[in-house]
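**Student:** Here's a structure for you.
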Amino acid sequence: MFKQIEEVLRTQSGQIWQAIGEHIAISLISLLIACLIAIPLAIALMNHHRIAEFFLQVAGVFQTIPSLAILGILIPFVGIGTVPAIIALVIYAIMPLFQNTYAGLTDIDPSLEEAATAFGLSRSRKLFRLELPLAMPMILSGLRIATVMIIGTATLAALIGAGGLGTYIILGIENNNNALLLIGAVLSAILAIVFSALIRLLERVHFTKRGVIVTLCVFLIACGAGAFKYFAPSRQTITIAGKMGSEPEILINMYKDLIQQESPKTKVVVKPNFGGTSFLFKALESKQIDVYPEFTGTVLQAIVKEKGKTPHNPEVTYKKAKTALAKDNQMTYLKPMAYQNGYDLAVSRSFAKKYHLKTISDLAKVGDKATAAFDPDFYHQADGYPGLKKAYGLHIGTVKTMESSIRYEAIADHRVKVVDGYTTDPEIQKDHLVVLKDNKHFFPPYQGAPLMTTTFADRHPEVKRALSKLAGKITTTDMQKMNYDVTFKHEKAATVARHYLKTHGLLN
């Protein structure tokens with residue numbers, strides 16, 4: 001475990017620092033906006049108790065809504081990425097900031113208020129000379145609570161393509177990689193502890209009017225520095241995004257290299273681990289990104305939601321997907337690569353050798369002697385195990401359902417003989433598994449190809465020319481090996497992608 005963590009820290013230090021920067025920036029922007037809303041509101045309502053109680057109740061209700069639900073509600077209105085993440089974090093931070101500021105301002109000794117009035121202090125002078133300095137410890141306490149809450153919740157921003165340390169937590173869960181999971185979780189905890197400690201130091205300071213102003217200025221400057229990354233103007237770029245995992249990251253780096261070779265002056269930005277299919281497609285529609293790799297079967301099943309079974313002929317599937325995207329979504333779908341990232345059944349090498357297994361039909365003959373670990377979805381859905389039973393007459397003796405991230409561990413430890421998976425999974429190479437041929441072409445084809453809006457494609461013909469070079473290239477074995485190099489040898493996806501392009505004469 002510690003060796004894995006050391007390896008990841010050594011090989012991915014640049015990406016980790018970038019994730020930390022994204023996490024801090026999102027957190028500071030959210031905290032700034034929450035402060036600008038909650039603190040002035042508490043000051044305005046400090047003498048209007050009934051209205052203040054109403055706002056406290058409303059803020060309390062928002063606290064009870066799960067953060068994922070808030071993100072899901074926001075996506076149709078503001079898209080994906082940084083904006084919905086910041087809005088969700090602001091909603092969560094308002095409650096402690098408003099509550100503590102209001103409590104600090106309303107718990108001041110009435111005799112002090114009377115003395116200030118007797119001395120002829122104006123409303124603004126009394127606020128800055130008496131009320132805010134006395135309430136500042138409570139305000140900072142609310143700020144500390146909100147900061148810790150924001151930093152912890154910001155890990156979910158990775159689910160909608162906003163980056164941050166949550167990327168490592170999600171990748172760790174999906175790939176059963178405890179090293180990535182611990183790096184993301186521990187660094188998030190360290191950030192929360194560091195920022196909490198800094199605010200605790202401020203709580204010990206005696207605040208005068210000047211102290212209040214200086215503290216606010218320092219805080220605003222820090223938040224402004226974090227916000228600069230997101231709101232500073234930048235020159236036109238081409239943004240390429242990919243789903244979670246090593247394979248999409250390899251592909252988007254290939255796209256980047258090919259585009260920059262075709263058009264050296266073009267600035268290309270890649271966004272790996274941007275989210276799932278629906279998030280990426282919405283980002284493409286809203287022009288938050290320009291290109292991303294998508295699979296033909298996924299287009300028909302999850303995006304255009306074609307009724308009926310997906311065709312088993314890869315060319316027919318691609319043509320249907322391309323036509324539907326052009327007609328319904330005004331999208332351009334370039335020709336796919338050779339390999340397919342679809343379902344497969346894999347068996348241990350010893351089991352395959354013992355029973356001479358090469359195809360799923362061969363497995364059907366000895367299915368009663370096998371034990372299998374299947375993903376819960378694969379075990380239940382029609383294009384998984386139930387469909388295989390009908391198509392091949394396959395009946396496996398014992399089937400256990402396991403999360404996709406641990407079923408490969410089960411076959412590596414010889415606890416099972418058969419697992420479901422995807423044809424390009426790097427574990428196939430790592431554990432020396434044998435992928436059984438789908439000799440009846442049961443599984444639908446999943447070939448990857450660049451997807452972009454037709455408007456973008458017409459405006460950038462050089463991008464179409466560059467990415468079309470990948471059509472019909474990259475075999476299943478090639479992609480398996482590249483995934484293995486990134487996942488288990490810890491090579492950088494950009495390095496692996498460039499090596500393939502140069503080796504196959506696609507990059508000068």
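**Student:** Identify, from the list Q63, Q18, the residue that is polar (S, T, N, Q) and farther than 30 Å from I240 by Cα. Lay out the reasoning, then the answer.
**Tutor:** On the way: Q18 fails: farther than 30 Å from I240 by Cα.
On inspection, the qualifying residue turns out to be Q63.
**Student:** Go through the residues of segment 488-496 one by one and say whether even a single one is closer than 28 Å to V299 by Cα and modelled with pLDDT of 95 or more. Steps first, please.
**Tutor:** First, the residues of segment 488-496 that are closer than 28 Å to V299 by Cα: 493-494, 496.
The next check asks that each one be modelled with pLDDT of 95 or more; those that pass are 496.
Yes; the residues of segment 488-496 include at least one that is closer than 28 Å to V299 by Cα and modelled with pLDDT of 95 or more.
**Student:** Could you run through segment 286-313 and say how many residues are in contact with a helix residue (DSSP H, G or I) (Cβ under 7 Å, 6 or more places away or on another chain), acidic (D, E) and touching a residue at least 40 places away in the same chain (Cβ under 8 Å)?
**Tutor:** So the first thing to find is which residues in segment 286-313 are in contact with a helix residue (DSSP H, G or I) (Cβ under 7 Å, 6 or more places away or on another chain), and the list is 289-293, 296-300, 302-304, 306, 310-311.
This time we only want the ones that are acidic (D, E), so: 290, 306.
Cutting the leftovers down to touching a residue at least 40 places away in the same chain (Cβ under 8 Å) gives us 290.
The number of residues fulfilling the criteria is 1.
**Student:** Looking at segment 433-443 only, could you name the residues that are crowded, with 22+ Cβ neighbours inside 10 Å and either of a type in the set (G, A, S) or in contact with a Ser or Thr (Cβ under 7 Å, 6 or more places away or on another chain) (or both)?
**Tutor:** Narrowing segment 433-443 to residues crowded, with 22+ Cβ neighbours inside 10 Å: 433, 443.
Once the filter is applied, which keeps residues that are crowded, with 22+ Cβ neighbours inside 10 Å and either of a type in the set (G, A, S) or in contact with a Ser or Thr (Cβ under 7 Å, 6 or more places away or on another chain) (or both), segment 433-443 yields only L433.
**Student:** While we're here: What single numbered condition from (1) within 16 Å of S13 (Cα to Cα); (2) in contact with a Pro (Cβ under 9 Å, 6 or more places away or on another chain) fails to hold for L180?
**Tutor:** (2)
**Student:** Search segment 109-126 for residues that are among the polar types (S, T, N, Q) and pair each with any residue that is assigned to a helix (DSSP H, G or I) and modelled with pLDDT of 75 or more when their beta-carbon atoms are under 9 Å apart and the residues are at least 6 apart or on different chains.
**Tutor:** That search, which allows pairs on different chains as well, returns T117/K126.
**Student:** Now a separate question. If you take the residues of segment 118-140 that are surrounded by 13 or more Cβ atoms within 10 Å (Cβ to Cβ) and of a type in the set (K, R), which of them is farthest from D107 (Cα to Cα)? First the steps, then the outcome.
**Tutor:** Of segment 118-140, the ones surrounded by 13 or more Cβ atoms within 10 Å (Cβ to Cβ) are 121, 125-140.
Keeping just the survivors that are of a type in the set (K, R) gives 125-126, 129.
Values: R125: 18, K126: 15, R129: 16 Å.
Going through the qualifying residues, I end up with R125.
Here is a yes/no grid of residues against (1) surrounded by 14 or more Cβ atoms within 10 Å (Cβ to Cβ); (2) under 26 Å from N177 (Cα atoms); (3) touching a residue at least 60 places away in the same chain (Cβ under 8 Å):
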| residue | (1), (2), (3) |
| --- | --- |
| T455 | no, no, yes |
| K464 | yes, no, yes |
| L467 | yes, no, yes |
| L470 | yes, no, yes |
| I474 | yes, no, yes |
| Q480 | yes, yes, no |
| Y484 | yes, yes, no |
| T487 | yes, yes, yes |
| E491 | yes, yes, yes |
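**Student:** Something else about it: Could you grab me the full set of residues in segment 368-401 that are surrounded by 15 or more Cβ atoms within 10 Å (Cβ to Cβ) and of a type in the set (A, V, I, L, M, F, W, C)?
**Tutor:** Those that are surrounded by 15 or more Cβ atoms within 10 Å (Cβ to Cβ) and of a type in the set (A, V, I, L, M, F, W, C): A370, A372, A373, F374, F378, L388, A391, L394, I396, V399.
**Student:** Condition check: of a type in the set (V, I, T), at pLDDT 90 or above and buried (at least 22 other Cβ atoms within 10 Å of the Cβ). Does I145 satisfy that?
**Tutor:** no
**Student:** Would you point out the residue of segment 6-21, among those that are touching a helix residue (DSSP H, G or I) at 6+ places or on another chain (Cβ under 9 Å) and under 11 Å from L187 (Cβ atoms), that is surrounded by the fewest Cβ atoms within 10 Å (Cβ to Cβ)?
**Tutor:** Ranking the qualifying residues of segment 6-21, first place goes to L9.
One line per residue, one yes/no per condition, for (1) among the acidic types (D, E); (2) closer than 25 Å to V90 by Cβ; (3) touching a strand residue (DSSP E or B) at 6+ places or on another chain (Cβ under 9 Å); (4) at pLDDT 90 or above:
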{"residue": "A157", "(1), (2), (3), (4)": "no, yes, no, no"}
{"residue": "G163", "(1), (2), (3), (4)": "no, yes, yes, no"}
{"residue": "L171", "(1), (2), (3), (4)": "no, no, no, no"}
{"residue": "I183", "(1), (2), (3), (4)": "no, no, no, yes"}
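**Student:** Another one. Would you say A44 is out of contact with any Asp or Glu (no Cβ under 9 Å at 6 or more places or on another chain), over 22 Å from L182 (Cα atoms), of a type in the set (G, A, S) and free of Cβ contacts under 8 Å to residues at least 12 places away in the same chain?
**Tutor:** Working: out of contact with any Asp or Glu (no Cβ under 9 Å at 6 or more places or on another chain): yes; over 22 Å from L182 (Cα atoms): yes; of a type in the set (G, A, S): yes; free of Cβ contacts under 8 Å to residues at least 12 places away in the same chain: yes.
Yes, satisfied.
The values are calculated or read from the model by the stated rules, or taken from the named source; none is laboratory data. Quick caveat: nothing in here was measured; it's all calculated off a predicted structure. So basically every Cβ, Gly included, is an ideal-geometry build from the backbone, and we count neighbours across all protein chains shown.
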